[in-house]
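Undergrad: The structure is given below, and queries will be raised subsequently.
The values are calculated or read from the model by the stated rules, or taken from the named source; none is laboratory data. None of the values given here were measured: they were computed from a predicted structure. No Cβ is skipped: glycine too gets one built from the backbone with ideal geometry, and neighbour counts run over all protein chains shown. Calculation scope for accessible area: heavy atoms of the full protein, side chains included, ligands and nucleic acids excluded. Shrake-Rupley method; radii C 1.70, N 1.55, O 1.52, S 1.80 Å.
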Amino acid sequence: MAWAGFGKTQIRYDMFNATRSAASAKRYTKCENIYHKGQELAWDGKDILNDLLKEHGGIKLDDTKKNALKRVFAIIMWGELAAWKISAQLADGLVPLEAKMAATSQAFDEARHFYVMHDYLDALGYKPKKMDRAPQALLDLTLETPNMAYKLLGMQLMIESMALTIFQTIRELAPEPVIAELMKYYERDEARHVGLGMQYLPELIKEMDEKEIRQMMWFQAKIMFWAMAELKVLEPDFKVLGINPRDVIQLGRGKQILAMQAAFDVLGKGFDKEQRSNVLAALNAVNEFLYPTPETEGSILKQVQAAWAAFNEEAGAASEDSLDIHSAHQIKTARGEIAKAEKAQIN
């Protein structure tokens, strides 16, 4: 504890002390660029939502679809609040200047995402209430861990990747035009947030021994378990909106593996081959059992056989352009400029 300038202080005078390799310096520069890009691409949530509501004459849905949208995006709204808190924790806990800047930029974005989603849900007639247990458990895991590597893994690479998948799916299916257009803005921001995890997590992983990496993979497994449980909770609402939960999981898993590969590859560690544990393989099997294909649905034996095959099958990453797609939307910034497409910062 500090007192009158004596004792331990929370001001990190060592934030500029690290010796950096050329590769590390490049990653730190990209972290700094995430901050500046966030400033450049900031958008006015009030104006954008109001413009979209005027353009489409408000929200026109039957009660069944409206209630399904409320359920899905209420979880998204509370998730944005959690992301706001987690990014603020990262901005405080990460030591290097560039990583702090990127996390601070994310906190700014998440605050906007939260209030815009609240305003959209208010237009739907939603009254805020507590989430189901599964999504709350998912968010609490990342909120409560004091480990900065776990926070980056849980938030930037796991939760954000799944959120991007849901945003992409809603945008492509467009069950309601206002939210579909709004997703373009959310995707542009969230793609930068995934970039922070891919660029800075390697700096934390390279300090870990094999035991610590296995412990981190166990944390990842818990995140993925609750993510699947969350999607199971939302399965009836997804079906109302024309969304196949199995497709969401497969697309999201591919994005997650791609993001993890990018983080591990820079250290010469093959994520798919070296880090894939029996726990993660078991989660693949559970996923296959919970969301059967038309060929296996209705037959417990066939579902068990499919789950066993999934346990022994190596899950593949998505193609690199599966992250680029989120940065390809043209959006209107707070300065009134139209921001052009850009590529995701994977390497």
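Undergrad: Do the conditions hold for GLY154, that is, is it open to solvent by less than 20 Å² (accessible area, probe 1.4 Å) and touching a helix residue (DSSP H, G or I) at 6+ places or on another chain (Cβ under 9 Å)?
TA: For GLY154, the condition - open to solvent by less than 20 Å² (accessible area, probe 1.4 Å) and touching a helix residue (DSSP H, G or I) at 6+ places or on another chain (Cβ under 9 Å) - is met.
Undergrad: A further question on this structure: Inside the stretch 235-264, can you point out the residues that are assigned to a helix (DSSP H, G or I), buried (at least 20 other Cβ atoms within 10 Å of the Cβ) and either basic (Lys, Arg) or modelled with pLDDT of 85 or more (or both)?
TA: Correct list: ASP237, PHE238, ARG253, LYS255.
Undergrad: Restricting to the stretch 51-62, give me the number of residues that are open to solvent by 80 Å² or more (accessible area, probe 1.4 Å) and either at pLDDT below 95 or part of a loop (DSSP other than H, G, I, E, B) (or both).
TA: Of the residues in that region, 2 qualify.
Undergrad: Okay, next question. From the list GLU110, GLU172, GLU187, which one is of a type in the set (Asp, Glu), open to solvent by 20 Å² or more (accessible area, probe 1.4 Å) and over 30 Å from SER21 (Cβ atoms)?
TA: GLU172 is the lone residue from the list that is of a type in the set (Asp, Glu), open to solvent by 20 Å² or more (accessible area, probe 1.4 Å) and over 30 Å from SER21 (Cβ atoms).
Undergrad: Tally up the residues in the stretch 307-347 that are closer than 29 Å to LEU49 by Cβ and either more than 26 Å from the chain's Cα centre (by Cα) or at pLDDT 65 or above (or both), please.
TA: 22
Undergrad: Shifting gears a bit: Considering each of ALA91, ALA103 in turn, give the residue that is crowded, with 20+ Cβ neighbours inside 10 Å and assigned to a helix (DSSP H, G or I).
TA: ALA103
Undergrad: Kindly list the number of the only condition in (1) touching an Asp or Glu at 6+ places or on another chain (Cβ under 9 Å); (2) open to solvent by 30 Å² or more (accessible area, probe 1.4 Å); (3) free of Cβ contacts under 8 Å to residues at least 12 places away in the same chain that fails for ALA180.
TA: The number of the failed condition is (2).
Undergrad: Still on this structure, please answer the following. Could you say whether any residue in the stretch 214-233 is under 20 Å from ALA339 (Cβ atoms), surrounded by fewer than 20 Cβ atoms within 10 Å (Cβ to Cβ) and out of contact with any Leu (no Cβ under 7 Å at 6 or more places or on another chain)?
TA: no
Undergrad: Same structure again: Can you pull out every residue in the stretch 119-132 that is surrounded by fewer than 17 Cβ atoms within 10 Å (Cβ to Cβ), assigned to a helix (DSSP H, G or I) and touching a residue at least 12 places away in the same chain (Cβ under 8 Å)?
TA: Across the stretch 119-132, the qualifying residues are ASP119, ALA123.
Undergrad: Further question on the same structure: Of everything in the stretch 99-136, what is modelled with pLDDT of 95 or more and acidic (Asp, Glu)? Give them in sequence order.
TA: Passing the criteria: ASP109, GLU110, ASP119, ASP122.
Undergrad: Using beta carbons and a limit of 8 Å, which pairs, at least six apart or on different chains, have the first residue in the stretch 80-97 and at negative phi and in contact (Cβ under 8 Å) with a residue 40 or more places away in the chain and the second one charged (D, E, K, R) and outside any helix (DSSP H, G or I)?
TA: So the pair list comes out as VAL95/ARG12; VAL95/ASP14.
Undergrad: For the stretch 18-41, which residues satisfy the criterion of being open to solvent by 20 Å² or more (accessible area, probe 1.4 Å), assigned to a loop (DSSP other than H, G, I, E, B) and touching a residue at least 40 places away in the same chain (Cβ under 8 Å)?
TA: Within the stretch 18-41, just ALA18 meets the criteria.
Undergrad: Go through (1) outside any loop (DSSP other than H, G, I, E, B); (2) open to solvent by 50 Å² or more (accessible area, probe 1.4 Å); (3) at pLDDT 70 or above for VAL304 and report which single condition fails.
TA: Answer for VAL304: the failing condition is (3).
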